[in-house]
Amino acid sequence: MSLEDVPSSSDPYRLPRHMIPSRYDLRLEPDLAVASFSGEATIALTVKQTTKTIQLNAVDLVIESATIEGVKGQTFTASVELEPDTQRAKLTVGEPIPPGECRLHLSFHGKLNDQLRGFYRSTYKDATGARQSLAATQFEATDARRAFPCWDEPDFKAVFATTLVVDPRLTAVSNTSVIAESIENNKKVIRFAETINMSTYLVAFVVGQIEATPPRFVGRTPLRLWTVPGKHSLTSFGHDIAVASLTFFENYYGVPYPGDKLDLLAIPDFASGAMENLGAITFRETALLVDQQTGTHAELERIADVVAHENAHMWFGDLVTMAWWNGLWLNEAFATFMEMLAVDAWKPEWKRWDSFAVARAAAFSVDGLVSTRPIEYPVRAPKDADAMFDILTYEKGASVLRMLEQHIGSTAFRDGVRQYLRTHAYGNADTKDLWTALGTVARQPVPELMDGWIFQPGFPLVTAEVEGNHLRLLQQRFTYITETSTAGQLWQIPVQIRLSIGDRTEHRKLLLTERETSIRLPAGVTSVFVNEGGHGFYRVRHQGLLLQQLLDQGLECLAAIERFALISDAWATTMAGLTPLPEFLRLPTHFKNERNKNVWTVLLDSFSFLNRIVSSDDRAVLEAFVRGCVKPAFNELGWEPRSGESDLDRQLRGDLLGALGKLGNDAATQQEAAERYQRYRNDLTTVDPNIVPALVTILAHTGDQTRYDEFSERYRTATTPQEERRYLFSLATFRLPSAAKRTLERTINGEIRTQDAPFIVGALLSNVHSREQAWDFVKANWDQMDRLFPKQGLRRMCGGIVGLATPELEKDVRGFFTSRKIDLGGKTLDQYLEQLRVAVSFREREGGTVRAVLMNATE
Ligand SMILES: [Zn+2]
């Protein structure tokens, strides 16, 4: 979309298009001691039509002066009016500014806030225990306007030339290399090189006592990691994946890295996981820093994912940017898809595409709601832009890209991406531009195929059944709650089928575009698996004979990702009331020999869900059922790692152990866990890191006040971000009401960082032992939480209400959000409330018989 196409003067959230910025010269002087900053901006503008007003974005800033210097040297002084509701500044001059080039000079000042957005302050304790501050930025989606007045929309791309004026003891990092440094008036003045043409939300500054690793080079690009002092021993793993993924992307995209250097910075207070500012990527510490010796597989994988994801954005997002926030999925889905490709290439033994199935299933769980939204969805207000950062944008988006890649072939897909990047470099693009590039290269009707997945909500359930010598396939939208209005929806579904005929296999590929189709089965078919390879973004119900044939043949004949799909789809149809619960609960017996951690994730998640809906009287029966399922598998793995075991096996041991000790409430396991934890405290090397989180969880679950105090202290004195996080979250696992009370208080009294606090409250809401207490606390302290917590965190915290799965609590939750008129942006709140409805209606449907069903299944 070109700039002139959107003359949306009627929309209070879009700026008029009669002035176009092309360059910002910024000079910012933060004062960490008093948490404020002052700034000057000179913005080069093209005036398209004669005007007396300039409108641009600014919020929480004081604009001291605004002057405009015209082409012919004339100067206009503007009056300034701030419009907080629309986050704009309106500058008005006495006589009209003629079309042509002009320069706008602004001086302004603001506060370094504690909200983790805009230009903000982060604090930490140094080695002596003294409190230190640093200043950092987080501009996406619409918070650059909190640091300097600007045209804060992604298609107003411009060049940025930044100068930071700082205390001489501090260091400053921005998007580009330092080109000059001097001392003026006892201040260090640091000038940075010009950026490429880019969006405001990608500008970044970090100022503080920060230290860099030596650079490692990818081609000519120096790549460094930055931390607060004393954390350099935690940088090597992040550095490795940063180098590996940047190299991978240069090759894959066929376009050089668009910046002049790349810095990855770990910030002690950070609202999201990381932010892809061009050349200066910022991270929360757990997403970048780790001790490779004590980190678990899951913790290392998380860092690899996030670093690769942000690096992927340097092209997808930074070099080519969506035209408006409705197209955010283009950035995020692509970066998520590319993160998988890069991590899979770096550590093939991690089988990253297999574990991506867990993320795909998480997307299904939201997309199966009537209140889901299409991937591409209208955005107006900043709150709606923020709400787009959700599982549908990331995980559903990446899943449909993976499906398309598998459908058109990975080489055609890559070449289409290359063409798209070359065509739109330094500019903006939208969804159809991508489909055009991919369709041209693949010589296939990609837009027709993809439109249904991007522009309509939900996903299909494919029902497969045998009729005579035919396989009949039927598509309908999957929803948990029966909803007749979705009946007409159809997708173009690339379906891949495997037919087993004795020892022989045959494959069928078809595009299911109608409501139903059937294919002729060859003689002697012994089993049929629909969604071979598990890449499709649809669920499958293998009906009657088909399911029985798969079970009889033995699940080991399926690939791990297919077993995952089978059990995950079965659980989803059970939650939707399409499969009877007893039928689902018979399935785990077929997984007795299962050693894939992703498959186990589905089983354990289904047990956790049951744990939230059973009455407390039935909980002991559920615990016995969990022990019956998990114990044989855990016993076979044993407590100690074996030689030749994969990282994935080690992670599975930890997952099963945690389930056995907590959900299964197994006394023998709890006792052994306590002994092993004691040994671990005496000598950290005696225990495999992958079971440490389970030990901590079990001890918290069974812990008393003394244990609570101990874990609080470990949280306070942890030496790695992962250890800190582990002990922090353990505080939400204690069953003691006094512990939950204390933890809740700490979320709003400053003891727990606001980057973490909402997640802790969310965990307490999801914990069946503390949920009512946590909910009362949220209601009583909502205003304070709304003020203190980053908006994104507050939204995620509210996700915890899904755990309040009793009819009484559900009623109370609805009443609270309605009476307080709370809006979390987009459809977020509707989705949480519907997920809660799904859980409560499951309880109403199955709750009366679940005890008998579980006892039956245990025998
Ligand atoms: Zn991203």
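The values are calculated or read from the model by the stated rules, or taken from the named source; none is laboratory data. Bear in mind the structure is a predicted one, so any value in this text is a computation, not a measurement. Heads up, the Cβs are rebuilt from the backbone with ideal geometry, glycines too, and the neighbour counts pull from every protein chain shown. Side chains included, ligands, DNA and RNA excluded: accessible areas come from the protein's heavy atoms. Shrake-Rupley method; radii C 1.70, N 1.55, O 1.52, S 1.80 Å.
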For residue 31, put the label point 7 Å out on the Cα→Cβ axis and report which residues of region 190-204 keep their amide N under 20 Å from it.
190
What do you get for Rg/Rh over region 705-746 if you use C-alpha atoms and the Kirkwood form of Rh?
0.96
Nearest 10 degrees is fine. How inclined is helix 328-346 to the longest principal axis of the chain, computing both from alpha carbons?
60 degrees
The answer for GluC sites (Glu not before Pro) in region 715-761 that fall in a DSSP coil and have at most 14 neighbouring Cβ atoms within 10 Å is 751
Please state, rounded to one decimal and in Å, the Kirkwood hydrodynamic radius that region 516-562 gives when every pair of distinct Cα atoms enters the mean of 1/r.
11.9 Å
Using only Cα atoms, find the angle between the long axis of helix 619-637 and the longest principal axis of the chain, and express it within 0 to 90 degrees, rounded to the nearest 10.
90 degrees
Using the heavy atoms of the protein chains alone and a 1.4 angstrom probe, what is the accessible area of region 753-847 per residue in square angstrom?
39 Å²
Cα-based Rg / Dmax (Å) for region 396-491:
16.7, 58
The rounded separation in angstrom of the Cα centers of region 672-749 and region 93-120 is 48 Å
In degrees, nearest 10, range 0 to 90: what is the angle between the Cα axis of helix 828-846 and the longest Cα principal axis of the chain?
10 degrees
Give the Debye-formula value of log10 I(q)/I(0) at each listed q (0.10, 0.14, 0.15 Å⁻¹), with one equal scatterer per alpha carbon of region 4-124, two decimals each.
-0.34, -0.65, -0.73
Tell me, what are the semi-axes, in whole angstrom and largest first, of the equivalent ellipsoid of region 701-780 as set by the roots of 5 times the Cα gyration tensor eigenvalues?
19, 15, 10
Which loop-located chymotrypsin sites (Phe, Trp or Tyr not before Pro) does region 586-641 contain, where loop means any DSSP state but H, G, I, E or B and the Cβ has at most 15 other Cβ atoms within 10 Å?
639
Other residues with Cβ under 11 Å from the Cβ of residue 461 give, with Lys and Arg +1 and Asp and Glu -1, a net charge of +2
Based on the alpha-carbon set only, what is the convex hull volume of region 642-709 divided per residue, in Å³?
84 Å³
Neighbour net charge for residue 532 - beta-carbon separation under 13 angstrom, K R +1, D E -1
+2
log10 I(q)/I(0), Debye, Cα-only region 592-649, no solvent, q = 0.24, 0.29 Å⁻¹?
-1.02, -1.23
Accessible surface of the chain [probe 1.4 Å, protein heavy atoms]: carbon and sulfur percent:
48 percent
Using a Debye calculation, one point per C-alpha and no hydration shell, please list log10 I(q)/I(0) for region 682-821 at q = 0.10, 0.14, 0.15, 0.20 Å⁻¹ in order.
-0.34, -0.65, -0.73, -1.20
Rounded to a whole number of µm²/s, how large is the Stokes-Einstein D of region 346-437 at 10 °C and 1.306 mPa s, given Rh as the Kirkwood radius over C-alpha pairs?
104 µm²/s
In what order, largest first, do 482, 53 sit by accessible area if the probe radius is 1.4 Å?
482, 53
Quick one: 3J(HN,Hα) in Hz for region 810-820, Karplus 6.51/-1.76/1.60 with θ = phi - 60°, rounded, Gly and Pro as x.
4, 4, 5, 4, 4, x, 5, 5, 5, 5, 8
12 Å beta-carbon shell around residue 714, net charge (K/R +1, D/E -1):
0
7 Å from Cα along Cα→Cβ at both residue 507 and residue 177: what's the point-to-point distance in nm?
4.7 nm
By DSSP, what percent of the beta bridges with both residues in the chain are antiparallel, rounded to the nearest 5?
80 percent
May I ask you to compute the full-extension gain from residue 515 to residue 640, defined as 0.36 nm times their residue separation minus their alpha-carbon distance, rounded to one decimal in nm?
39.8 nm
Place a point 7 Å from Cα of residue 194 in the direction of its Cβ. Which residues in region 147-172 have their backbone N less than 11 Å from it?
159-161
Give the accessible surface of region 270-348 per residue, rounded to a whole number of Å², with probe radius 1.4 Å and ligands, DNA and RNA excluded.
16 Å²
For residue 493, list long-range residues whose amide hydrogen, built 1.01 Å from N in the peptide plane, is under 5 Å from its own amide hydrogen.
512, 513
Can you give the accessible area per residue of region 408-567, in Å², using a 1.4 Å probe?
42 Å²
Are there any trypsin sites (Lys or Arg not before Pro) in region 798-827 that are in a DSSP loop and have at most 13 other Cβ atoms within 10 Å? List them by number.
820, 821
Do the sum for the chain: with -39,500 (n - 2.57) for every DSSP H run of n ≥ 4, divided by all residues, what is the mean residue ellipticity at 222 nm, to the nearest 500 deg cm²/dmol?
-13000 deg cm²/dmol
Could you grab the Rg to Rh ratio for the chain? Cα atoms only, Kirkwood for Rh.
0.97
Once the Cα gyration tensor of region 215-326 is diagonalised, semi-axes √(5λ) in Å:
22, 16, 13
Between residue 852 and residue 469, 0.36 nm times their residue separation minus their Cα-Cα distance comes to what?
134.0 nm
The extension gain from residue 83 to residue 706, computed as 0.36 nm times the residue separation minus the Cα-Cα distance, is 219.0 nm
Nearest-10 value in Å² for the accessible area of residue 366, using the 1.4 Å probe:
20 Å²
